[in-house]
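S.K.: I'd like to ask some things about the structure below.
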Amino acid sequence: MTKATEKKQPNQTVNNDNYVGTLVGESTSSEFRLAVTPEAIKEQDIIAVNAELNSKESDKSENIRIWAKVQKIERQNPLFPQESGHELAFTRTPPFQTVMSLSREMVTAVCKILGCESLDNPTSGQLKKLRYPPKPASSAYRPNSKDIARIVVGELEENSKNDQKDRSLDIATLSNRPDITVKVDGHAIVTRHLAILAMTGAGKSWTARRIIEQLANKHYPIIIFDPHGDYTGLSDVDNLKDKVNRYYAQFRVFEQPADKIIAIIDSLSSKELAPTQRDFFPSLFTCAKVFLNNSDKKLQERKEWLLAYLVNQNISFSQDLFFLANFTEAVVKAGKKSDEKFFQQLNEWTEQDLTINKKTAGWIEPMIGRLRGTGASLRRMENISKQISNNADPLPTDLKNLVNYDKITVVSLAGYSSDIQSTIYSLVAEELFELRVRKELKYQFVMVLEEGHNFVPAKANSSAEQRSIEITKQIAQEGRKFGVGLILISQRPSRLDETTLAMCNSYIIMRMLNPADQSFVRKVVESLGEEETKMLPDLDVGEAILSGQFTSFPILVKMKEPESKGEREEKNAFDALEEEYQKSKNK
């Protein structure tokens, strides 16, 4: 049996400058109550109590420091009961006009014990579990900044001393102690995933950019799927300028399965394809795909053949719906003419069995306009994406080029509908993950998924969302084995897939007003306590609770400002209007 009692140490004497209160009432190995000097501490402050462990098994004793976090502060005046307050309110009498005592306040703090460390042989900050409660009447004090920083960083400091590459990321300061820098374990982020959860305007993109910049300083490959253009400003940072590659997303039609294209046509058109058109589409789509998939010399012969048949020199031979529309037009024309020679040549080139009669051609013909209309919608989206990404390069055909040492890849998805965004993301993520599994991709990497609730919703409303959910869930569950990390960012956590969120082992949780979101986060994030959850609606912009494996224990912090700015960083609307007016005057 061991026994913990108060013991003052020369290197941390409890004096009037750092004394905060005295332990009162019942204490346990996980919690104690503290009679507090008024205004000496705040909620979420980190405090300490010195004690001595005496062992019956030996004559030796050990001096320890017990670390604790202030969870809740209660304030009351026993000489001013509720009945007196109601009486004064009823008679409209200000309390200070009475002879009642208003200065005898009792301030009590409920403190959660974080662990303990030896004062005789101090460690790097890795706390041990306390197995015996601290003694009532012990004095609690505010530790110095250096010791608090050491405890918050934990084993990160020990790793740097052992000649391991520094894995800490400098992202914040303690909210109540701005002089104390908070570092987190970057290894935990890139291998065991991170979720950044906050309502709109709370600072989640700001936070993500700070983490991205810190990872980039360690040369870690990063791929950002950016739905709104929030990350294009990374290339404006001096030390990141040569690290950022920006791409606008292209929806490559013939890289999709036929049923996916049918779903896209249905979603972007006023009505769905007819049953006959839907049944015929896979054969038509496959034939057109094979027709284009050939060497330049053979393809040129086929182009000339199709141009001559349609008597049209303006046919697009890009892998898009415009080509599919032209190809369909040729098939319909041949069907109406019962042109056996056309189908014989087409089937010989494509090794497909595609022959239609006049009746089928009549059913298929209306689909030509639908294909061109859908193609035009996709092209408009692509042009918007290109414009928002500041005319970045198109996505490379070989996706291996997206992952490189000391490089940040920003894939702009802005301009596309949610289904198209999900499709592009899932195709890229799936191929990169498979490349790592097959060991064909040299470098491990981390993916940043902004607006995660749109890509990994709790319930899929389309085949595009279902595919996106499946690949993200697979990465969340298996990515660690293959060096693929995930940073998931969302303003509506209650709409996220629960399994994916639960697989994130580290969390940055910022201001959150929606009760459903608060309840969901409390259920999924096991390391988040009830008192921390209650704080979420009252956090300031930029404040966050860090929880999970990348920090020693849940702490309240103020995120540091990133060097980069978001493309659409919110500014005063009236200032923006004035700027636009001045620009128009100077033209």
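S.K.: Given axes a ≥ b ≥ c from the Cα gyration tensor, I'd like to know whether the chain is rounded (a/c under 1.5), prolate (a/b larger than b/c) or oblate.
M.R.: prolate
S.K.: Compute, for TRP206, the solvent-accessible surface of its heavy atoms (probe 1.4 Å) with the complete set of protein chains present, and express it in square angstrom to the nearest 10.
M.R.: Using a 1.4 Å probe on the heavy atoms, I get roughly 80 Å².
S.K.: Dividing the alpha-carbon Rg of region 252-354 by 2.2 N^0.38 Å yields what?
M.R.: Against the empirical 2.2 N^0.38 Å value, I get 1.06 for region 252-354.
S.K.: Rounded, prolate or oblate for region 272-329? Axes are the square roots of the Cα gyration tensor eigenvalues, ordered a ≥ b ≥ c, and the cut-off for rounded is a/c under 1.5.
M.R.: Numbers: a/c = 2.47, a/b = 1.68, b/c = 1.47.
Note, shape of region 272-329 comes out prolate.
S.K.: Rolling a 1.4 angstrom probe over the protein heavy atoms, how many square angstrom per residue are accessible across the chain?
M.R.: On the way: 28690 Å² over 587 residues.
In whole numbers, the chain has 49 Å² accessible per residue.
S.K.: Using only Cα atoms, tell me the angle between helix 463-482 and the longest principal axis of the chain; keep it within 0 to 90° and round to the nearest 10.
M.R.: Here the helix axis deviates by roughly 50 degrees.
S.K.: If you place +1 on the Cβ of every Lys and Arg, -1 on the Cβ of every Asp and Glu, and leave all else neutral, what size is the dipole of the chain about its Cα centre, to the nearest 20 Debye?
M.R.: 540 debye
S.K.: Which percent, to the nearest 5, of DSSP beta bridges fully inside the chain are antiparallel? Kindly include the intermediate steps, with their values, before the conclusion.
M.R.: Details: 59 of 88 bridges.
Of the beta bridges lying entirely in the chain, close to 65 percent run antiparallel.
S.K.: Suppose accessible area is computed on protein heavy atoms with a 1.4 Å probe; arrange ASP575, ASP238 from highest to lowest.
M.R.: Result, largest first: ASP238, ASP575.
S.K.: Now, a different point. What angle, in degrees between 0 and 90 and rounded to the nearest 10, separates the Cα long axis of helix 418-437 from the longest principal axis of the Cα atoms of the chain?
M.R.: The helix 418-437 is inclined about 80 degrees to the chain.
S.K.: Let me ask something else about it. Provide HIS453, HIS219, HIS86 ordered by accessible surface of protein heavy atoms (probe 1.4 Å), highest first.
M.R.: I get HIS86, HIS219, HIS453, largest accessible area first.
S.K.: How about region 25-84: which trypsin sites (Lys or Arg not before Pro) there lie in a loop by DSSP and see at most 12 other Cβ atoms within 10 Å?
M.R.: LYS56, LYS60
S.K.: Ok, one more. Take ASP538, ASP120, ASP226 and sort them by solvent-accessible surface of the protein heavy atoms, 1.4 Å probe, largest at the top.
M.R.: Working: ASP538 120, ASP120 75, ASP226 0 Å².
Per-residue accessible area, sorted high to low, gives ASP538, ASP120, ASP226.
S.K.: Once neighbouring chains are kept in place and the probe is 1.4 Å, which whole percent of the accessible area of region 131-275 is contributed by carbon and sulfur?
M.R.: Carbon-and-sulfur percentage of accessible area, whole number: 46.
S.K.: Of all accessible surface on region 323-396 at a 1.4 Å probe, what whole percent is carbon and sulfur?
M.R.: Solvent-exposed carbon and sulfur of region 323-396 make up 45 percent of the total.
S.K.: OK, next. Please report the carbon-and-sulfur percent of the accessible area for region 470-546; probe 1.4 Å, protein heavy atoms only, DNA, RNA and ligands left out.
M.R.: Numbers: 1300 of 3070 Å².
Carbon-and-sulfur percentage of accessible area, whole number: 42.
S.K.: For the chain, what does the helix formula give at 222 nm: sum of -39500 (n - 2.57) over DSSP H segments with n ≥ 4, over the residue count, nearest 500 deg cm²/dmol?
M.R.: Rounded to the nearest 500, it is -12000 deg cm²/dmol.
S.K.: Among rounded, prolate and oblate, which fits region 182-265 when a ≥ b ≥ c are the square roots of the eigenvalues of its C-alpha gyration tensor, a/c under 1.5 means rounded, and a/b larger than b/c means prolate? Mind dumping the intermediate values first?
M.R.: Numbers: a/c = 2.02, a/b = 1.74, b/c = 1.16.
Judged from the Cα gyration tensor, region 182-265 comes out prolate (a/c at least 1.5, a/b above b/c).
S.K.: Sticking with this one: Suppose we keep just the DSSP beta bridges with both residues in region 420-572; what percent of those would be antiparallel, to 5?
M.R.: 65 percent
S.K.: Here's another thing I want to ask about it. Give a quick list of GluC sites (Glu not before Pro) in region 291-366 that DSSP marks as loop, anything other than H, G, I, E or B, with at most 15 other Cβ atoms within 10 Å.
M.R.: GLU351
The values are calculated or read from the model by the stated rules, or taken from the named source; none is laboratory data. Worth saying up front: this structure is predicted, and the values here are computed from it rather than measured. Virtual Cβ from ideal backbone geometry, glycine too; neighbours counted across all protein chains shown. Remember, those area values only see protein heavy atoms, side chains included, never the ligands or the DNA or RNA. Shrake-Rupley method; radii C 1.70, N 1.55, O 1.52, S 1.80 Å.
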